[in-house]
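The values are calculated or read from the model by the stated rules, or taken from the named source; none is laboratory data. Since we're looking at a predicted model, the values are computed, not measured. When we count neighbours, we look across all protein chains shown, and the Cβ atoms used for this are built from the backbone with ideal geometry, even at glycine. To get the accessible areas, we keep the full protein, side chains included, count just its heavy atoms, and leave off ligands, DNA and RNA. Shrake-Rupley method; radii C 1.70, N 1.55, O 1.52, S 1.80 Å.
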Amino acid sequence: MLAPPSKARIAHARRLDRRAFRESTGEFLAEGPQAVGEAVAAGAAREVFVGSEVVPRLRGLVDSALGAGVRVYETADDVVASLSDTSTPQGVVAVCARVDIALQTALGQAPRLVAVLAAVRDPGNAGTIVRTADAAGADAVVLSAESVDLYNPKCVRATTGSLFHLPVVVGSPVGEVVAAARAASLRVLAADGAGSVDLDTELDSGRLAAPTAWLFGNEAWGLPAELRSLADAVVRVPIHGQAESLNLAAAAAVCLYASARAQRRPEERDPS
Ligand SMILES: C[S@@+](CC[C@H](N)C(=O)[O-])C[C@H]1O[C@@H](n2cnc3c(N)ncnc32)[C@H](O)[C@@H]1O
């Protein structure tokens with residue numbers, strides 16, 4: 001039998017829908033069995049709220065949380081739903097400790113592939129890029145100071161647990177990120193629909209095999225000229241049809257996978 005949460009614990013969790021409260025506590029909410037399971041495995045979960053109806057189905061998750069020393073509360077399904085940001089709550093929510101790390105730490109581990117989001121505002125796009133970067137085997141994702149809050153519930157949900165898998169950095173000005181990327185021997189590529197270099201040409205040239213930081217711009221105004229000028233190359237994903245541009249997360253997927261492909265070709269792999 002699991003303990004019920006106090007009103008104070010529920011109120012605390014509810015307040016985490018506000019950015020200011022997330023920042024003052026260093027906590028955020030993750031919801032759904034997948035994300036909560038990843039949070040427990042990563043040691044980020046502090047407490048878990050499970051709806052009575054789903055407890056039998058989530059026994060494995062509950063046991064692993066308890067085994068990891070996480071407080072698990074059982075409560076009415078509508079109480080857990082009230083902590084959820086979705087119209088289809090999945091019955092389990094975790095209060096987690098934030099997981100972002102310092103820029104220098106993330107770039108100090110000889111990264112080969114990094115995604116940098118410059119003033120990205122849409123939480124769904126930001127979370128999807130974290131998920132895609134994880135899938136493409138990237139070493140880190142950086143959300144610039146002007147970007148959406150990584151811990152926004154929509155963003156957390158869009159990562160589907162990937163924010164617990166790879167280093168994520170938040171809050172650094174983009175200029176600082178570019179300087180740190182150069183210091184870490186990364187080639188800096190700006191992704192831009194009007195770029196002077198075509199991604200396919202870049203891939204064929206072999207240059208994409210180099211350790212790379214990709215810069216991706218804001219959904220409305222893209223990458224400002226001063227940021228593009230900091231890059232080693234401004235690269236466009238060719239538009240073969242009549243679309244004006246690609247959705248940001250789609251463009252990031254194409255660019256990150258092009259780098260992953262180049263870096264993972266047999267001849268690029270370390271023979272040892
Ligand atoms: C929706 S676009 C911004 C469109 C904006 N109207 C502009 O002028 O750049 C948002 C971001 O997605 C990426 N992007 C979109 N289409 C791209 C393309 N064809 N090639 C490379 N990057 C692209 C870029 O990083 C861009 O800053």
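Before moving on, here are some points about what is shown:
- Evaluated at q = 0.16, 0.23, 0.28 Å⁻¹, the base-10 log of the normalised Debye intensity for the stretch 202-272, with identical point scatterers placed on the Cα atoms, takes the values -0.65, -1.14, -1.40.
- Percent of beta bridges antiparallel (DSSP, the stretch 33-181, rounded to nearest 5): 30 percent
- Size of the stretch 90-226: Rg and Dmax of its alpha carbons, in Å, are 14.8, 50.
- Between ALA20, LEU2, VAL141, the Cα set farthest toward the positive side of the dipole of the stretch 1-144 (charges on each charged residue's Cβ, about the Cα centre) is that of ALA20.
- The stretch 143-189 and the stretch 247-267 have their alpha-carbon centroids 17 Å apart.
- Percent of Cα pairs exceeding the 19 Å cut-off, where the set is the stretch 6-122: 51 percent
- Rounded to 5, percent antiparallel among DSSP beta bridges of the stretch 1-96: 60 percent
- Taking ARG265, ARG19 and ordering them by how much accessible surface each has at a 1.4 Å probe, largest first, produces ARG19, ARG265.
- About its Cα centre, the chain has a charge dipole of approximately 520 debye under the convention of +1 per Lys or Arg Cβ and -1 per Asp or Glu Cβ, with nothing else charged.
- Fraction of beta bridges assigned by DSSP in the chain that are antiparallel (%, nearest 5): 30 percent
- Note on the chain: dipole from Cβ charges, positive end direction compared against VAL72, VAL169, ASN218; the farthest Cα belongs to VAL72.
- Contact order relative to length of the chain, as percent, for alpha carbon pairs under 8 angstrom and 6 or more apart: 18 percent
- Compactness ratio for the chain: Cα radius of gyration over 2.2 N^0.38 Å (N = residue count) comes to 1.09.
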